[in-house]
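Contents: one structure, followed by commentary.
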Amino acid sequence: MKHGLSLIAIFVLMLSTPAMASIGEGNTEVGVDFGITELDSNTFDESGITMGIRGGYHFTDLFELEGQFSSTSADDEVAGVDLDLDVTTLFVNGVFNFHPTEEIVPYILVGIGTTDVDVKVGGVSVDDSATATQIGFGSRFFFGQAKKVAVRVEVSFINEDTFDQDSSHTNILGSLTWKLGA
């Protein structure tokens, strides 16, 4: 049920009416993310709730460099034993923005960073860290009179190799971002 509500919220964000887009060279952007992560079945059988923050600088209208920090939590119970999973990621992303119309700013991103996976089984905790990569796509939908606030909808795919196991996770995120600068 909790994941169903997240999917509904993201769907509503995707249907939001966009206004004039207003981001480009020399602008800075900060935002907060909320969504779900479909974890690799080799890692965990449940989906996780993801929250994060991000910020970036637009070197040109096309290219932005952004930092992204997120945390995903999932839990399950197997044979009466509680299982908890926490995944923390930190990425540096190259974001390539497109301006096909004045209403939206779609983008693709490629990132590299680290991931830390912490698993708790019945009170015993083990963790591992590894390099992670991600690719993704999405779009910003600006609103408000000054066009400095945007809803951002994104799908990204993360690959990491913790516990000597190659895992791929899918993020579906809705974000609220603020443009800083002229």
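Any idea what angle helix 2-14 forms with the longest principal axis of the chain, computed on alpha-carbon atoms, 0 to 90 degrees, nearest 10?
For helix 2-14, the angle is close to 10 degrees.
Gaussian network model of the chain, Cα springs within a sub-10 Å range: biggest mean-square fluctuation belongs to which of Ala150, Ala74, Ala130?
Looking only at Ala150, Ala74, Ala130, the biggest GNM fluctuation is shown by Ala130.
Using a Gaussian network model of the chain whose springs link C-alpha atoms within less than 10 Å, name the residue from Val121, Val95, Val149 with the highest mean-square fluctuation.
Val121
Kirkwood Rh and Cα-based Rg: tell me the resulting Rg over Rh for segment 111-182, rounded to two decimals. Don't skip to the answer; put the middle values down first.
Values: Rg = 17.1 Å, Rh = 14.7 Å.
Checking Rg against Rh, the ratio lands at 1.16.
Given axes a ≥ b ≥ c from the Cα gyration tensor, I'd like to know whether segment 101-142 is rounded (a/c under 1.5), prolate (a/b larger than b/c) or oblate.
On the way: a/c = 6.87, a/b = 2.71, b/c = 2.54.
Here segment 101-142 falls in the prolate category.
Which of the chymotrypsin sites (Phe, Trp or Tyr not before Pro) found in segment 17-87 are in a DSSP loop and have at most 16 neighbouring Cβ atoms, other than their own, within 10 Å?
Working: sites: Phe34, Phe44, Tyr57, Phe59, Phe63, Phe69; in loops: Phe44, Phe59.
Loop-located and lightly packed - Phe59.
Rounded to the nearest 500, what is the 222 nm mean residue ellipticity of the chain from helices alone, with -39500 (n - 2.57) per DSSP H run of 4+ residues and division by all residues? Each step should come with its number before you reach the end.
Numbers: 1 runs with 13 residues, N = 182.
When only DSSP H runs of four or more count, the value is -2500 deg cm²/dmol.
Would you please classify the overall shape of segment 2-180 from the alpha carbon gyration tensor, given that a ≥ b ≥ c denote the square roots of the eigenvalues, rounded means a/c under 1.5, and beyond that prolate means a/b larger than b/c while oblate covers the rest? Walk me through the numbers on the way to the answer.
Values: a/c = 2.74, a/b = 1.82, b/c = 1.51.
Judged from the Cα gyration tensor, segment 2-180 comes out prolate (a/c at least 1.5, a/b above b/c).
Looking at the calculated P(r) for segment 23-102, what percent of the C-alpha pair distances fall above 15 Å?
Working: 2033 of 3160 pairs.
Tail fraction, whole percent: 64.
So what's the gap between the Cα centers of segment 53-81 and segment 108-160, to the nearest angstrom?
2
Straight-line reach from Lys147: which aspartates and glutamates have Cα under 17 Å away, leaving out those fewer than 8 places along the same chain?
By straight Cα distance, Lys147 reaches Glu25, Glu29, Asp61, Glu102, Glu103.
Where Lys and Arg each count +1 and Asp and Glu each count -1, what net charge lies around Arg152 among other residues with Cβ under 13 Å from its Cβ?
-2
No lab work stands behind these numbers, since they all come straight from the coordinates. Please read all numbers here as calculations on a predicted model, not as lab measurements. Reconstructed Cβ throughout: ideal geometry from the backbone, glycine too, with neighbour counts over all protein chains shown.
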